[in-house]
1. Go through segment 222-228 residue by residue and turn each phi into a ³J(HN,Hα) via Karplus (6.51, -1.76, 1.60, θ = phi - 60°); whole Hz please, and just put x for glycine and proline.
2. Compute the FRET efficiency between Glu130 and Ala406 as 1/(1 + (r/R0)^6), taking r as their Cβ-Cβ distance and R0 = 51 Å, and round to the nearest 0.05.
3. Using bins 5 angstrom wide from zero, how does P(r) for segment 154-301 break down, in % of all Cα pairs?
4. From Cα pairs below 8 angstrom and at least 6 apart in sequence, can you work out the relative contact order of segment 320-443, rounded to a whole percent?
5. Using only helices, what value at 222 nm comes out for the chain when you add -39,500 (n - 2.57) per DSSP H run of length 4 or more and divide by the total residues, to the nearest 500 deg cm²/dmol?
6. What order do you get for Phe114, Phe403 when you list them from fewest to most C-beta neighbours inside 10 Å?
7. Could you calculate the contour length gain from His392 to Ala337, that is, 0.36 nm times the residue separation minus the distance between their Cα atoms, to one decimal place in nm?
8. Can you check what the Kirkwood hydrodynamic radius comes to for the chain, Cα pairs only, in Å to one decimal?
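Any read-out appearing in this document is the output of simple, stated calculations on the displayed coordinates, not a laboratory observation. Predicted, not measured: the structure shown is a model, and the values here were computed from it. Counting neighbours? That spans all protein chains shown, and the Cβs are built from the backbone with ideal geometry, glycine included.
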Amino acid sequence: MLGEYRIEGRRAAEISASIERGVGSGDLLPGQLLPPMRELATSLGVNPNTVAAAYRTLRERGVIETDGRRGSRVRAKPATTAREYVRVQVPEGVRNLADGNPDPALLPALGKAFAAAAGRADRAPVLYGEDAVEPELARIARTELDADGVPDGPVIVASGSLDAIERVLTAHLRPGDAVAVEDPGWGGLLDLVPALGLRTVPVRVDDEGPLAEDVRTALVAGARALVVTGRAQNPTGAVVGAARARALRAVLAAHPETLLIEDDHGHAIVDLPLHPLAGTTRNWALVRSVAKAYGPDLRLAVLTGDPVTIDRVHGRQRLGPGWVSRLLQRAVVRLWADGAVDVPAVAAAYRRRREALIGALAERGVGAHGRSGLNVWVPVPDETGAVARLLHAGWAVAPGARFRAAAPPGIRITVSTLAPEEAGAVADAVALAVGPVDGPRYV
C-alpha cells in the first residue's frame with residue numbers, strides 16, 4: 001500500500017509528522033491510500049484513537065482526505081501545493097493572457113479617495129471599540145443589494161472574497177464535511193476547501209452555472225454546503241440566469257439545512273443581472289468584492305447573510321484582525337460616491353473583448369465560453385500541449401488544471417487587456433494549438 005515508506009511514531013503528533021514528511025518528500029504520492037487506522041495502530045503498537053487523532057490533524061491541515069469506508073488517502077493536490085503554482089512562467093516578449101487581472105486602464109485613480117479618507121482620519125482617528133463597519137459603506141452596499149433582490153440581512157466587511165468565504169465555511173462546518181463546488185471553478189476555492197479539512201464535491205457547470213441535477217445529487221449524498229458564482233464565473237464566464245436560478249432554488253428548498261454561499265465578485269464589471277439564490281436555505285451568505293472593478297490591492301469585500309451566519313463571522317473576526325481598516329472602507333465609499341467607475345462602460349469593454357475572441361475562435365472551428373467577466377474558457381484535447389504551443393507562438397494562457405477537479409481539460413484566456421483587433425491573431429494561434437473540439441464543452 002505504501003511501498004517502502006514506513007510510517008513511524010508513538011504519539012499522534014509524531015505519526016502525523018511522519019506522514020507529512022512522506023508527502024513532502026514525495027515518498028507518499030498524491031492519491032495514495034493510507035493504512036486503515038486499526039491496521040496502522042497494530043503495526044505501531046499504539047491505541048487506534050492515537051492514529052485517529054493523527055489522521056484528524058492531517059485532514060484539518062489539508063494533507064489527507066477521508067471518504068467513509070473508502071478510507072483515507074493523500075490529497076490529490078496537498079494544501080501546501082496551491083493551484084496558483086500551476087501556472088506558466090511568462091518569458092520576456094510573450095503576451096500574458098494568463099493572469100486573470102482586470103485591465104489597469106479601466107481601474108479608477110485612488111489618490112483623491114485615499115487623501116479624503118486620510119484627512120478625515122487625521123481629524124478623528126478610528127480607535128479601539130468603534131464600529132467595525134463604516135455606516136455609509138453599509139448603507140450604500142445594502143441599497144445595491146436590495147436593488148438586486150438580495151434578502152435583507154446585516155452587512156459586514158471582510159478582506160476579499162476568499163477571506164469572507166473561509167469565515168462563512170468555518171462558522172458552520174467541521175473537518176470532514178463535504179462542500180459542493182463548481183467544476184471548473186475558482187482555483188483559490190478548490191484549494192481552500194480541503195485546506196480547511198473539508199471535502200470537495202465537484203458540480204458540473206454550463207453557460208448557465210451549476211447544473212441543478214448535479215447539485216441535487218451532491219446534497220442527497222450529504223454535502224453540507226454549496227458555493228455558487230452568480231456572474232463572471234471563473235474560469236468559464238457562466239451566468240446563473242432566471243430559469244437556472246429557479247431550478248437551483250427548487251433543489252435547495254428540499255435541503256433547507258444547506259449552507260449556501262454566493263460569490264458575486266463580478267459586481268460592477270458585468271452587464272447581466274444577478275439572480276440570487278439567497279434566502280432559500282436557513283443559513284446563507286453573499287459576498288461582493290471590489291477587486292475586479294476598483295483594483296485587486298483593495299482587499300475589501302462586502303458580506304451579507306442570515307443573522308446567525310453574520311454574527312458568527314463577525315464574532316470570530318473580532319478575535320483575529322478585529323476589523324477591516326476604516327480608512328480603506330472610507331476610501332471605497334468615496335470611490336462609490338464619486339462614481340469613479342463607469343460601470344456600464346467597463347462592462348461593455350470587457351464584453352467586446354470576450355465576444356471578439358469567442359467569435360474569432362468560432363470562425364476557426366474552435367468552441368469557447370465566456371458570457372461574462374474577464375476570461376474565456378476553451379476546451380482542449382491536450383491541455384499541456386496546447387499551453388506549450390501557445391507559449392511558443394507568443395501567447396501565455398492559464399492551464400485548466402488550476403481550475404478543475406473532474407472536468408475535462410481546457411485553457412483559460414484572460415481577455416481584459418486584449419484589444420478586439422488582436423482577437424484574430426490569438427484565435428489563429430489557438431486553432432493551430434488545439435484544433436476543433438467537438439462534443440460537450442465543459443459539462
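1. Computed from phi, the couplings for segment 222-228 are x, 4, 9, 9, 9, 10, 10 Hz.
2. Numbers: r = 47 Å, r/R0 = 0.93.
Step by step, r from the Cβ atoms, then E = 0.60.
3. 2, 10, 21, 25, 23, 14, 5, 1
4. Details: 160 pairs, mean separation 35.9, N = 124.
Relative contact order here is 29 percent.
5. On the way: 15 runs with 175 residues, N = 443.
Using -39500 (n - 2.57) per qualifying helix, the result is -12000 deg cm²/dmol.
6. Working: Phe114 17, Phe403 29.
Fewest to most other Cβ atoms nearby, the residues stand as Phe114, Phe403.
7. Numbers: separation 55, 0.36 × 55 = 19.80 nm, distance 4.58 nm.
Length difference between fully extended and current span is 15.2 nm.
8. With all distinct Cα pairs of the chain included, I get 23.3 Å.
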